[in-house]
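To start, the structure under review is shown below, and the notes come after it.
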Amino acid sequence: MKGYDDKRNFYRMMLNSEVAVTVIDDEVNTTITATCRDLSATGMAFEIDHPLSISTQVKVKVDSASSQVQALDVSGRVVRIEEESANCYLIGIAIEEID
């Protein structure tokens with residue numbers, strides 16, 4: 001692919017959509033609202049106001065803007081955490097399953 005600088009196998013779609021992130025825990029599953037920044041076939045990045053631990057299992061639901069397109073539900077694990085500013089963390093997940 002000429003001019004393709006990103007060395008990824010899949011293109012990344014840039015988003016700015018609200019998503020529901022459920023942190024999977026043995027005791028309590030907690031759902032938080034986050035902002036999805038980007039999405040590809042194998043991963044996703046979203047921003048939240050607190051960090052998550054590497055390898056944390058999560059489920060993410062991306063609602064569709066159209067009633068004709070089904071919402072996206074994915075399961076994955078945290079593989080990257082970047083503190084962007086006070087109370088703003090960019091969390092990268094590897095998608096392991098699409099429901």
Measuring from its Cα centre, the chain shows a charge dipole (+1 at each Lys and Arg Cβ, -1 at each Asp and Glu Cβ) which, in debye to the nearest 20, is 480 debye
Per 5 angstrom bin, beginning at 0 and ending with the bin that holds the maximum distance, the Cα pairs of the chain fall in percents of 3, 13, 23, 26, 17, 11, 6, 2, 0, 0
Of 80-91, 41-52, ordering from highest average Cβ density within 10 Å down gives 41-52, 80-91
HN-Hα couplings for segment 20-27 via Karplus (6.51, -1.76, 1.60; θ = phi - 60°), in whole Hz with x for Gly/Pro, come out as 9, 10, 9, 7, 7, 9, 5, 9
Subtracting the Cα-Cα distance of residue 22 and residue 87 from 0.36 nm times their residue separation yields 21.5 nm
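Just so you know, all these numbers are worked out from the coordinates, no wet-lab data involved. Given the structure is predicted, the values throughout are model-derived calculations rather than measurements. A quick note on method: Cβ atoms are made from the backbone with ideal geometry, for glycine too, and the neighbour counts reach across all protein chains shown.
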